Amino acid sequence: MKLVHDPIHGHIELDDFALRLVDTPEFQRLRRITQLGLAFLAYPSARHTRFEHSLGTFYLAKRIAGYNPEIEEGAVYAALLHDLGHYPFSHTLEVLYQRHEENTKWFIKHGEIGDVIRERYSLGEFLRRLKHPLVSGDIDADRMDYLVRDAYYTGAAYGLVDLDRLVRNLHYDGERLIIGEKGVMAAQSLLLARSMMYPTVYQHHVSKIASSMLVKAVELEGIPLEEIRLMDEVDLIARLRGSENGEVRELIAAIDDRRLYKRVLYSGDDPGEKVVFELKNELEGEFGHLVTVDYPPKPKFEEKNAFVAVGDGLKRLSDVSPLVRSLVELKDTHWRWGIYARADVKEAVCSFVSGLIG
């Protein structure tokens, strides 16, 4: 047994098997993958990594399983490894490559960590555990940890969630985690934290602009999946700084020095994916790497679908809680898409965009 000190959960205990998983190169790589990507350009202390988040997710999964002995032990270890496949800067580069969940499966099948897993589980059995509701459900150990952890490290005042009460009131029925009636208020606080963190942290315009610049640099560099999936952030930044492509070097130097592009358009009005795609092609043809277009997916609110035990039956959380219904209705109000340009061409880009969309 090994104790790891954590500012969110106190002491996290790692048993011998968990420790062997953590000590593999694939898991240690997560020390060099920031949890919030480039958000540290807006929140300087947001330098926490996927490594400690994975440990925190394991801790919460283990606690939930402690109150639900029906949950198989493999699901708890799957919680530990759920983010194994993240690319440098976490979700940022998923617009260019397959989702990190697929990359996690690849690491387990091809990395040293798979050899450790095989000592106790078949790989097929373990991979199925990655979809367990403890790991990937409507309310799961993953989002319980990241919301509180992200609020702590950004300094945002929205992460006050009664995790202990929520953990004690989650019951596994063999298919899903069900919230007990005494846990509804804690579940509401989790959703409220998420709805507040979305516009202030996860969609902060500084992070979005820097991320769009990084995406453009990686796209221009043309790094294949086989390479990017193995990189950490040290590898990627070194690669981009030393690129033979001057435009790539220019973009990464601007990110390094926080000389970020400016907002030409930043709107909650959705013109549709087809219009944005055509606009992006026109802008790239005219201005090249000096302009980027960011069209993120709309936010989801899976937590609203969580079941609550009410009397002798089950109801959706959104049916039980007027607050949750309100949060669901508001979920799209903070969504924005944007066009960003280098400062010296901003006015030209503004004129060009006005000519295209009026």
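The values are calculated or read from the model by the stated rules, or taken from the named source; none is laboratory data. Since the structure is predicted, the reported quantities are computational estimates derived from the model, not experimental observations. Glycine also receives a Cβ, built like all others from the backbone with ideal geometry; neighbour counts cover every protein chain displayed. Accessible surface is based on the protein model in full, side chains and every heavy atom, while ligands, DNA and RNA are left aside. Shrake-Rupley method; radii C 1.70, N 1.55, O 1.52, S 1.80 Å.
Remarks
- Residue list for the range 314-358, filter: β-branched (Val, Ile, Thr) and at pLDDT below 90: 320, 324, 328, 333, 357
- Picking from residues in the range 77-116 that are farther than 30 Å from residue 216 by Cα and in contact with a Ser or Thr (Cβ under 8 Å, 6 or more places away or on another chain), the one that is surrounded by the most Cβ atoms within 10 Å (Cβ to Cβ) is 79.
- Residue count for the range 120-140, restricted to those that are in contact (Cβ under 8 Å) with a residue 24 or more places away in the chain and farther than 26 Å from residue 302 by Cα: 2
- Single residue of the range 318-358 satisfying the filter (under 23 Å from residue 201 (Cβ atoms) and among the acidic types (Asp, Glu)) that is most open to solvent (accessible area, probe 1.4 Å): 329
- Subset of the range 263-302 that is outside any helix (DSSP H, G or I), open to solvent by 30 Å² or more (accessible area, probe 1.4 Å) and of a type in the set (Phe, Trp, Tyr) - its residue that is farthest from residue 219 (Cα to Cα): 266
- Those residues of the range 8-40 which are open to solvent by 70 Å² or more (accessible area, probe 1.4 Å) and more than 13 Å from residue 85 (Cα to Cα), in sequence order: 11, 13, 16, 20, 23
- Extreme residue, farthest from residue 297 (Cα to Cα), among residues of the range 186-206 that are of a type in the set (Gly, Ala, Ser) and open to solvent by 10 Å² or more (accessible area, probe 1.4 Å): 189
- Flag for residue 101 being out of contact with any helix residue (DSSP H, G or I) (no Cβ under 9 Å at 6 or more places or on another chain) and in a helix (DSSP H, G or I): yes
- Unmet criterion (only one of (1) touching a Gly at 6+ places or on another chain (Cβ under 8 Å); (2) farther than 23 Å from residue 31 by Cα; (3) buried (at least 20 other Cβ atoms within 10 Å of the Cβ)) for residue 211: (2)
- Residue within the range 117-140 that is in contact with a His (Cβ under 8 Å, 6 or more places away or on another chain) and open to solvent by less than 20 Å² (accessible area, probe 1.4 Å) present: yes
- Any hit, the range 71-92, residues being more than 29 Å from residue 167 (Cα to Cα) and part of a helix (DSSP H, G or I): yes
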